[in-house]
Amino acid sequence: MIRRSARTALATAACGAVLAGGLAACGTVQQLNAADKVSKAFETFGNGKSFSAKLSVDATPAQIQTFGAATGEEIDKDSAAALAAVSLSIAFSADKPLKDIQPTKDAGSGNGAAPAADPSVSASYTLTGKGGAPLVELRQVGGKAYARGDLAGFAQLVGEDAAEVEGLAEGLPAALGNALKGQWVSFDSKALEGTGGTGGTGGAGGAASPAPTLDPKAAESLNASLKGILTRDLSFEDKGKQDGKDRITVTAPARKLTDDLLKAVEPLAKDIPNLGKLPKSAPAKVPDRPLALDVYLDGGALSAVTFDLAQLEEKAGTGTPLPLRIAFGHDTPAVQAPAGATELAAEDINGLVGELAAGGGAGGAGGAGAPAAPLTDAQVKELTRDGAMNEEQVRLYNSLGLGYQDIKDLADLKS
């Protein structure tokens, strides 16, 4: 329940943030002071050359356990402590304003390109635990990727014996084993593109599928539709100062907002992969009531966004809040390549994935070092149905030794 609520809350918070960003061009809303503040905060977001965000649950272990009890889900002490301690941070930096970054022509994989697909953009992703210690850290600088993890620290976070999991690194190539003990490794992500595949358009062994493009008129129409949705569905209330920050509450009827957004993007379904898989109306799990998120501004700049997960649970009472918080940073230090990273060959990565697949059980490789059974067209269609993965990704995983069930489990984690 906690995980399902978190995924829904993330989507809600992100949607609210993106929509609020379009307010600057909406004359009707600009007349409202609270909306005007939020509009300007999001409008200036891309003016800087760097950006960071940190996602965390803003609650104590005791509050998390209380929330679980109120919603009928028992959360043990260790799990509550882990959830309260963990956070996910991302950062981007470039030598020009982020709003001027354009996806590179060869960066698409059928789902569009993230900002970090541009080699001029450096990126960092960090999962931290107690005391801010990094558990998993990924960076991309100058077209090269860097990674490291702390397997023992992760075990301790979830209440497991660190000594028991350290053995998992044994038998791996030295660089990979050390990477699980906190040492940096580096590799060229493009080296993985030629690992082969089982065929098919845009398959792993062929050229990457081009990023989808949107007709300018269609984009203009979508922009106009979103502005209309903002005017009709979102309301803003200035709550004054809280801890020295301006607090503005943005409220929207969840089901109506979802329906309106789906209708706005429906005309584009034929042009963008996976959009055609979107439902025609809001899923039943979307609450038929208003939901609110709080936006905090510091000197006019976006400081944080919070969303109370209790809004998604009818059983949660007023005394059991569980806020999800996204804290934002501006003009943060540029992402740097770590010193002393060990170069990792593509065959080492492929070997690791193959070994993991070999121990994956039914549908996997079926034995140590053995290749996975090639996917049928029907299996590929099933695995890409929900949009968590595209065909190119599915066939790449299959070529690296993952079977149908392994890839399905991986897709379920992403969805």
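Data for the structure
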| read-out | value |
| --- | --- |
| Out of Ala282, Ala310, Ala292, Ala304, sole residue that is small (Gly, Ala, Ser), within 23 Å of the chain's Cα centre (by Cα) and assigned to a loop (DSSP other than H, G, I, E, B) | Ala282 |
| Residues satisfying the stated conditions in segment 116-150, i.e. more than 17 Å from Ala91 (Cβ to Cβ) and either in contact with a Gly (Cβ under 8 Å, 6 or more places away or on another chain) or of a type in the set (Phe, Trp, Tyr) (or both) | Gly129, Ala133, Gly149, Asp150 |
| Residue count, segment 54-63 (criterion: polar (S, T, N, Q) and either surrounded by 19 or more Cβ atoms within 10 Å (Cβ to Cβ) or not in a loop (DSSP other than H, G, I, E, B) (or both)) | 2 |
| Filter result (β-branched (Val, Ile, Thr) and without any contact (Cβ under 8 Å) to a residue 60 or more places away in the chain) within segment 123-161 | Thr126, Thr128, Val136 |
| Residue check, Asp260 under 21 Å from Glu220 (Cβ atoms), buried (at least 18 other Cβ atoms within 10 Å of the Cβ) and either at pLDDT 90 or above or in contact with a Lys or Arg (Cβ under 9 Å, 6 or more places away or on another chain) (or both) | yes |
| Scope segment 67-89; condition among the small types (Gly, Ala, Ser), within 15 Å of Lys130 (Cβ to Cβ) and assigned to a helix (DSSP H, G or I); matching residues | Ser79, Ala80, Ala81, Ala82, Ala84, Ala85 |
| Residue check for Phe51: at pLDDT 90 or above, surrounded by 19 or more Cβ atoms within 10 Å (Cβ to Cβ) and of a type in the set (Phe, Trp, Tyr) | no |
| Output for segment 223-242, where each listed residue is assigned to a helix (DSSP H, G or I) and surrounded by 16 or more Cβ atoms within 10 Å (Cβ to Cβ) | Ser225, Leu226, Lys227, Ile229, Leu230, Asp233 |
| Boolean, Leu172 is at pLDDT 55 or above, farther than 30 Å from Pro333 by Cβ and surrounded by fewer than 17 Cβ atoms within 10 Å (Cβ to Cβ) | yes |
| Candidate set: segment 296-306, residues that are out of contact with any Gly (no Cβ under 8 Å at 6 or more places or on another chain) and in contact (Cβ under 8 Å) with a residue 24 or more places away in the chain; chosen: the one surrounded by the fewest Cβ atoms within 10 Å (Cβ to Cβ) | Gly300 |
| Those residues of segment 64-78 which are crowded, with 17+ Cβ neighbours inside 10 Å and touching a helix residue (DSSP H, G or I) at 6+ places or on another chain (Cβ under 8 Å), in sequence order | Ile64, Gln65, Phe67, Gly68, Ile75 |
| Residue match in segment 199-210 (condition: of a type in the set (S, T, N, Q), part of a loop (DSSP other than H, G, I, E, B), more than 24 Å from the chain's Cα centre (by Cα) and at pLDDT 65 or above) | no |
| Contacts under 7 angstrom Cβ, first residue in segment 363-380 being in a loop (DSSP other than H, G, I, E, B), partner among the hydroxyl-bearing types (Ser, Thr, Tyr) and modelled with pLDDT under 50, 6 or more apart | Pro374/Thr198; Leu375/Thr198 |
| Filtered residue count, segment 100-131, keeping only those that are farther than 30 Å from Leu157 by Cα and at pLDDT below 80 | 18 |
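The values are calculated or read from the model by the stated rules, or taken from the named source; none is laboratory data. This one's a predicted model, so the numbers in the text were calculated from it and none came from an experiment. When we count neighbours, we look across all protein chains shown, and the Cβ atoms used for this are built from the backbone with ideal geometry, even at glycine.
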